[in-house]
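Down below is the structure, laid out as structure tokens.
The values are calculated or read from the model by the stated rules, or taken from the named source; none is laboratory data. It should be emphasised that the depicted structure is a prediction, and the values quoted were computed from it without experimental measurement. Positions of Cβ are backbone-derived with ideal geometry, glycine not excepted, and every protein chain shown enters the neighbour counts.
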Amino acid sequence: MKRAVSGCAALAALSAVVAMAVPAHAADGNLPGGTSISVAINSPANGAVRPGPVTVTGTAAIGAGQVSADTSLTYVVDVSGSTTKPGTGCGGDQNGDTQANTILDCEIAAAKTLNDQAATLGTVGDIGAAVFADSGATADVTPGGGDDLITQPTTDADGAGGRDIDQVLTSMFSDGGLGGVGQFTSKPVGQLTNFAAGVTAATTVATAPTNTKPHKIIVFLSDGIANLGGSVSGPLSAVPANVTIFTFAVGGRSSCTNTGENDEGSLADIAIHGGTCTPVPDVASLPSVLPGVIASQLTGLSLTVDGNPGPAITDVAPGPLPQNGPQTFTYSVTTGALAAGTHHLCVTAAGSDAGGNGNVTDCHDVVVYLKGEAFALQATGLVNISKTPFVTCPPNDSKTSVLLNTPVGSVHALNANCVLDPATGTTTAAASISNVSLLAGAITISTIESSCMSGASGITGSSRVGTINGIPIGIGHGSIGIPGVAQVFYNETTTTPSGQLVQNAIRVRTLLGQQIILAGCRLG
């Protein structure tokens, strides 16, 4: 920065305003799984704020706007013989087999809870199901003829007063050494545990022609380890890349890492394409754990200033991040001191949902500029004359006066103008006078000019005086004493305690305390 004023300390104190080139608005989008995500810079908006560091405030939201049903869910339920063992008070008798709170009841209750969330969030468009034990089977999820693999989370095609998928889930059974699914087509699958068959059945549902969503999730539940069916590696190789498998090891007899009795593969092996295996030793907690697979989160907010990372956004409510949706947040962050000129502020909201990670960004283009003023004449003391002609900016202004006769003297060709360029943040304030005769002709001065400018390159004040009582002056600064009358100071550049740049082409101080300023400009 140029030192024509008084250095960096003066600049930091200068009064300024910050204007934004665009009004506050929200940047809206959707995460890969269809969850809505948005962010908005609410302030600074068009208008004035304090100078120096700029506080940026706004809102962000996850799951609070228009969602897109871009995700499909396939429930894969272990119905092997061990799932008839009592749980710990989970679900009651979900399938009406007179055995309450079994592990299978918990699996059914958890899948129904997940479906409730899918219906509420609106990000899941397609639903299917499969069961496995000795073998695997896809579920027929619609009433009527045919074997339909896909329905929607809220569909009640038979008008029975409940969701079709819930009827399918509650028809799953494991009894007398035989497990399977009863609705809407009965399909038995035996009693042992064949992970490979479960993966194959699940893949058939996820890749069905009627499963049209781009992001597909398989939720794979088992209370045991594989004991037949061969390696899962073959069936897993047929799973497309857009299918993510989340596995859940339900109960203390299950495990994420046990690879089976004959090295068939573990539940962790099955969790592919970004999926994870979650151990759920407390069976009763499964209905609260399972909905997390389609939960959305606002994972972070970040600020950039002119393309560079800004201060971390930690003032977030509710916070700290990450936070689950659906939810709306407020944030606040303060930049470093911004110099005059055009600045680019961007806030990015990052989130995740069942489909993966994503973000949206809202940007404003913070012209930072200083207020300016200019005047040709001002007097204080025994005689007071307001700044004349007087202009300020913004808004831009220009005034002239041909002749002004005052008690302190006559002034010719007075000009004052102030201009702000909103594209660059450059403020220019200037004043000029052709010639003056002060204090009954004791002081005569010609060609008086001053200029104050602030912009991206810094803040400067300058002035020029032709002659004082016939003595050539130019752009240098100093003073001339008029014996018995006054001291005449010329080309003064100073900074007030409040940080305002002050430029006076001429300042006259009489022996009686009268002060006269000619061609003055101010910034701040």
_If T247 meets every condition in (1) within 34 Å of the chain's Cα centre (by Cα); (2) part of a loop (DSSP other than H, G, I, E, B) apart from one, which number is that one?_
(2)
*Quick one: in the stretch 499-518, which of the residues that are of a type outside the set (A, V, I, L, M, F, W, C) and not in a strand (DSSP E or B) is farthest from G372 (Cα to Cα)?*
G513
*Check I218 against each of (1) within 33 Å of the chain's Cα centre (by Cα); (2) in a loop (DSSP other than H, G, I, E, B); (3) buried (at least 22 other Cβ atoms within 10 Å of the Cβ); (4) not basic (K, R) and name the one condition it does not meet.*
(2)
*Would you call T113 in contact with a His (Cβ under 7 Å, 6 or more places away or on another chain) and among the β-branched types (V, I, T)?*
no
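Test T200 against the criterion of being in a helix (DSSP H, G or I), modelled with pLDDT of 95 or more and surrounded by 20 or more Cβ atoms within 10 Å (Cβ to Cβ), and give yes or no.
Here the answer is yes, as T200 does meet what is asked.
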_Going through K187, K216 one at a time, which residue ends up being under 21 Å from T244 (Cα atoms) and basic (K, R)?_
K216
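Every residue, every condition in (1) assigned to a strand (DSSP E or B); (2) crowded, with 16+ Cβ neighbours inside 10 Å, yes or no:
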position: P311; (1), (2): no, no
position: V316; (1), (2): yes, yes
position: C346; (1), (2): yes, yes
position: N357; (1), (2): yes, no
position: Q378; (1), (2): yes, yes
position: P395; (1), (2): no, no
*In the set D166, D126, D156, which member is assigned by TED's automatic domain parsing to the domain that holds G252, under 23 Å from V199 (Cα atoms) and not in a helix (DSSP H, G or I)?*
D126
*Could you figure out which of (1) in contact with a strand residue (DSSP E or B) (Cβ under 9 Å, 6 or more places away or on another chain); (2) surrounded by 18 or more Cβ atoms within 10 Å (Cβ to Cβ); (3) not charged (D, E, K, R); (4) not in a strand (DSSP E or B) isn't true of L192?*
(1)
*In the stretch 264-308, how many residues are surrounded by 20 or more Cβ atoms within 10 Å (Cβ to Cβ), closer than 19 Å to T35 by Cβ and among the hydrophobic types (A, V, I, L, M, F, W, C)?*
5
*asked:* Exactly one condition in (1) surrounded by fewer than 21 Cβ atoms within 10 Å (Cβ to Cβ); (2) closer than 20 Å to G52 by Cβ; (3) among the hydroxyl-bearing types (S, T, Y) is false for Y369; which is it?
replied: (1)
_Exactly one condition in (1) in a strand (DSSP E or B); (2) farther than 30 Å from E449 by Cβ; (3) at pLDDT below 95 is false for V368; which is it?_
(2)
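Going through the stretch 259-294 one residue at a time, which ones are within 15 Å of I245 (Cα to Cα) and assigned to a loop (DSSP other than H, G, I, E, B)?
In the first step, residues of the stretch 259-294 are kept if they are within 15 Å of I245 (Cα to Cα); the result is 265-279, 290-294.
G265, S266, A271, I272, H273, G274, G275, T276 - these are the residues of the stretch 259-294 that are within 15 Å of I245 (Cα to Cα) and assigned to a loop (DSSP other than H, G, I, E, B).
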*Hey, any hits in the stretch 69-83 for a residue that's within 19 Å of the chain's Cα centre (by Cα) and modelled with pLDDT of 60 or more?*
no
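Evaluate the stretch 452-459: report whether one residue or more is modelled with pLDDT of 95 or more, part of a strand (DSSP E or B) and either in contact with a strand residue (DSSP E or B) (Cβ under 8 Å, 6 or more places away or on another chain) or not hydrophobic (A, V, I, L, M, F, W, C) (or both).
So the first thing to find is which residues in the stretch 452-459 are modelled with pLDDT of 95 or more, and the list is 452.
Remaining after also requiring part of a strand (DSSP E or B): 452.
Still in the running and either in contact with a strand residue (DSSP E or B) (Cβ under 8 Å, 6 or more places away or on another chain) or not hydrophobic (A, V, I, L, M, F, W, C) (or both): 452.
Within the stretch 452-459, one or more residues are modelled with pLDDT of 95 or more, part of a strand (DSSP E or B) and either in contact with a strand residue (DSSP E or B) (Cβ under 8 Å, 6 or more places away or on another chain) or not hydrophobic (A, V, I, L, M, F, W, C) (or both).
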*Any residue in the stretch 414-431 that is over 57 Å from the mean Cα position of the chain (by Cα) and surrounded by fewer than 20 Cβ atoms within 10 Å (Cβ to Cβ)?*
no
